[in-house]
Amino acid sequence: MCNLYSITKGQAAIRQFTRAMTDRTGNLPSLPGVFQNMEAPVVRNGEDGDRELTMMRWGMPSPKFVTKDRKTDPGVTNIRNTKSPHWRRWLSPEHRCVVPFTSFSEYESIDGKKVPVWFALSEERPLAVFAGIWTNWTSVRKVKEGEVNADLYGFLTCDANAEVGAVHSKAMPVILTETDEIDAWMRADWNEASPLQRPLPNGTLHVVAKGERSDREMTA
């Protein structure tokens with residue numbers, strides 16, 4: 001499961017790539033390490049029909065059986081079973097989003113330790129997006145915060161391709177690299193959008209870093 005990724009490209013590049021017309025992120029910093037429950041940039045469909053770039057917290061509401069007898073819900077970062085009633089309510093275009101990234105990490109077990117392995121489309125770490133969903137939710141995410149209302153996001157996963165599977169065999173994030181894929185994810189009905197929940201072709205991804213909990217390369 002991908003519980004760590006990086007977005008080090010600026011908001012102008014994100015807006016251009018995702019065709020976001022409105023930017024609500026303010027002064028967006030480089031984020032070489034995005035972890036669960038952190039705020040990060042997300043592109044969603046705005047109320048006027050145009051796409052908007054905004055900040056959300058990573059982790060969709062957990063199913064009730066997960067939160068039973070627990071005081072907090074830090075959320076679900078990765079979503080696989082889109083047939084589940086819990087997730088089906090957020091699969092329509094008004095709840096779909098794309099999550100910009102430049103690299104993402106999976107953990108490899110080496111001598112009993114979990115070592116981050118960073119993947120990107122190339123050494124230059126070009127922009128791509130995860131296919132995600134979002135909702136507004138009220139919950140207790142951290143005890144010290146108490147109850148908060150926040151926009152939350154997560155992204156879909158699928159079978160791992162060869163590169164990711166060599167490190168983490170169970171799954172990889174659903175990645176969109178072309179503008180027509182983004183358009184289909186953001187606007188199409190589920191019958192047309194659902195085939196996008198598939199792995200990238202073998203040979204598409206490259207290991208660009210290893211051992212660090214953030215990917216600070218190519219931060220321009």
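Report the relative contact order of the chain, percent, no decimals, based on alpha-carbon pairs under 8 angstrom and at least 6 residues apart. Before the final figure, lay out each step's value.
Working: 506 pairs, mean separation 52.6, N = 220.
Relative contact order here is 24 percent.
How would you rank 196-203, 50-57, highest first, on the average number of other Cβ atoms within 10 Å across their residues?
Highest-to-lowest ranking by the protection proxy: 50-57, 196-203.
At a Förster radius of 41 Å, what calculated FRET efficiency corresponds to the Cβ-Cβ distance of LYS64 and ALA188, to the nearest 0.05? If you can, show how the numbers build up before the last one.
Numbers: r = 30 Å, r/R0 = 0.73.
Plugging the Cβ-Cβ distance into 1/(1 + (r/R0)^6) gives 0.85.
Which cross-chain or sequence-distant (5 or more) residues have an amide H under 5 Å from the amide H of THR157, H modelled 1.01 Å from N in plane?
ILE79, ARG80, VAL174
Using a Förster distance of 41 angstrom, determine the FRET efficiency expected from the C-beta separation of GLU178 and LYS114, and round it to 0.05.
Values: r = 33 Å, r/R0 = 0.79.
Result of the calculation: an efficiency of 0.80.
So what is the 222 nm mean residue ellipticity for the chain from helices alone, if each DSSP H run of at least 4 adds -39500 (n - 2.57) and you divide by all residues, rounding to the nearest 500 deg cm²/dmol?
-3000 deg cm²/dmol
Under the Karplus relation 6.51 cos²θ - 1.76 cosθ + 1.60, θ = phi - 60°, what is the ordered set of whole-Hz ³J(HN,Hα) values for segment 195-204, x standing for Gly and Pro?
Running phi through 6.51 cos²θ - 1.76 cosθ + 1.60 with θ = phi - 60° gives x, 6, 7, 8, x, 5, x, 4, x, 7 Hz.
Semi-axes, largest first, in whole Å: what does sqrt of 5 times each Cα gyration tensor eigenvalue give for the chain?
24, 22, 19
Once you treat every alpha carbon in segment 145-220 as an equal point and sum by Debye, what is log10 I(q)/I(0) at q = 0.18, 0.24 Å⁻¹?
The calculated log intensity ratios at q = 0.18, 0.24 Å⁻¹ are -0.95, -1.15.
Under a crude label model (7 Å from the Cα following the beta-carbon direction), how far is MET1 from GLU39 in nanometres?
The answer from the label model is 2.5 nm.
Any read-out appearing in this document is the output of simple, stated calculations on the displayed coordinates, not a laboratory observation. Being a predicted model, the structure only gives us computed values, none of them experimental. No Cβ is skipped: glycine too gets one built from the backbone with ideal geometry, and neighbour counts run over all protein chains shown.
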